[in-house]
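The structure appears right after this line, and notes come after that.
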Amino acid sequence: KTLASVLPQLGPGDRLVVVADNCSDDTERVAAGTGAEVVERRDESRRGKGYALDFGIRHLEREPPELVVIVDADCEVTAGAIDRISRVSASTGRPVQALNLMTAPRSAGTLVAVAEFAWVVKNLVRPLGFLRLGLPCQLMGTGMAFPWTAIRSAELASGHIVEDMKLGLELARAGKAPLFCPEALVRSCFPSSEDGRRSQRTRWEHGHLGMILGEGPRLLWEGLRGKGSGLLALALDMVVPPLALLALSIIVLVAFSAAHALLTFSLAPLVAAGVVALMFGAAIGLSWLRFGLGILSFRRLLLGLVYAFRKVPLYVRFVVRRQVEWVRSKREER
């Protein structure tokens, strides 16, 4: 399905390269049957998307292109998306990120719809606001266009579990901060099984929190010192925790401030915490009114608190047994 959405968008001289990375299925045969150029990588000790990307880039070095577009194998690239991000990248000399949205399977329940809305906030609302302010965006892992001069020297070969975020920040440090192109759309679907969704969430959120703790202070300091165009903006965006954890943190802040007010009769901390909670609620409400009405009803939106509390074990595991190795999410056969 991914190849079927990409092939009609290619022009004369374009190459379609498929990296079959530690595959145990018919990926190579199916891809070759469409006319794609297939390169196979087998290395069970060095697992992760970063290694696969590096393998593909090293393959292209033999006959380097002007631009490289990277698409995950579980996505549908909408018509015209490749041309749009390629033109913007070619004209600016910078990496370009398409709008990357995920939809909930029809069989999924309310909480997966809440996850779909949270994804819209993360991958559309926030980068669109940055775009309006003339600021860069995070890389989202798929639907990405790179000038060859930027991607050939990038440090890709790693098993980092949020390799896209890491790559975007490294490029920003080098003065090549990614640009957002909301007119180009790449779509995919959340895994249909709960195990698949849990594995996916764990990889994303543990990786994000690990980046905040491990790289956040250094990146903020470098951004404040003016090292790299857009680095400070992306560092500030990165240190915002995942939406569910942010909501839980604000709830805890309000609760502790209320307890403090009862014990000391000082209302200042409670007022400050209340203002933070109101601002957060207003931001979510406005985002829902503008972008979420077609995803979930107001009643289902309120269940977002249930969604946040159900993630508590995930955040506890980050403290006691953090995931650091790259694990492919379980998905249905396509």
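The values are calculated or read from the model by the stated rules, or taken from the named source; none is laboratory data. Bear in mind the structure is a predicted one, so any value in this text is a computation, not a measurement. All Cβ positions, even for glycine, are placed from backbone atoms using ideal geometry, and neighbour counts span all protein chains on display. Please note that ligands, DNA and RNA were not included when accessible areas were found on the heavy atoms of the full protein model with its side chains. Shrake-Rupley method; radii C 1.70, N 1.55, O 1.52, S 1.80 Å.
Remarks
- The set of residues in region 16-26 that are open to solvent by 40 Å² or more (accessible area, probe 1.4 Å) and not charged (D, E, K, R) comprises Val17, Val19, Ser24.
- Answer residue from region 145-164, given it is open to solvent by 20 Å² or more (accessible area, probe 1.4 Å) and within 13 Å of the chain's Cα centre (by Cα) and is nearest to Gly210 (Cα to Cα) among those: Glu163
- Of the criteria (1) of a type in the set (Val, Ile, Thr); (2) within 20 Å of Met165 (Cα to Cα); (3) within 18 Å of the chain's Cα centre (by Cα); (4) open to solvent by less than 20 Å² (accessible area, probe 1.4 Å), which one Val68 fails: (3)
- In region 285-309, the residues that are open to solvent by 80 Å² or more (accessible area, probe 1.4 Å) reach residues that are assigned to a helix (DSSP H, G or I) and of a type in the set (Phe, Trp, Tyr) with C-beta atoms within less than 8 angstrom, at least six apart or across chains, in these pairs: Phe298/Trp288.
- Only one of the listed residues (Arg29, Arg62) is outside any loop (DSSP other than H, G, I, E, B), exposed (fewer than 13 other Cβ atoms within 10 Å of the Cβ) and more than 26 Å from the chain's Cα centre (by Cα). That residue is Arg29.
- Residues satisfying the stated conditions in region 39-86, i.e. touching a residue at least 40 places away in the same chain (Cβ under 8 Å), out of contact with any Cys (no Cβ under 8 Å at 6 or more places or on another chain) and among the β-branched types (Val, Ile, Thr): Ile57, Val68, Val69, Ile70, Val71, Val77, Thr78, Ile82
- Selection over region 202-258 of residues that are open to solvent by 40 Å² or more (accessible area, probe 1.4 Å), outside any helix (DSSP H, G or I) and not hydrophobic (A, V, I, L, M, F, W, C) gives a count of 4.
- Note on region 84-115: among residues that are part of a helix (DSSP H, G or I) and open to solvent by 30 Å² or more (accessible area, probe 1.4 Å), the one that is modelled with the lowest pLDDT is Thr110.
- Residues that are surrounded by fewer than 19 Cβ atoms within 10 Å (Cβ to Cβ), more than 13 Å from the chain's Cα centre (by Cα) and in a helix (DSSP H, G or I), drawn from region 174-201: Glu194, Asp195, Gly196, Arg198, Ser199
- Residue among Thr110, Thr149 that is in contact (Cβ under 8 Å) with a residue 60 or more places away in the chain and of a type in the set (Val, Ile, Thr): Thr110
- Criterion (more than 30 Å from Arg94 (Cβ to Cβ) and in contact with a helix residue (DSSP H, G or I) (Cβ under 7 Å, 6 or more places away or on another chain)) met by exactly one of Ala268, Ala247, Ala259: Ala247
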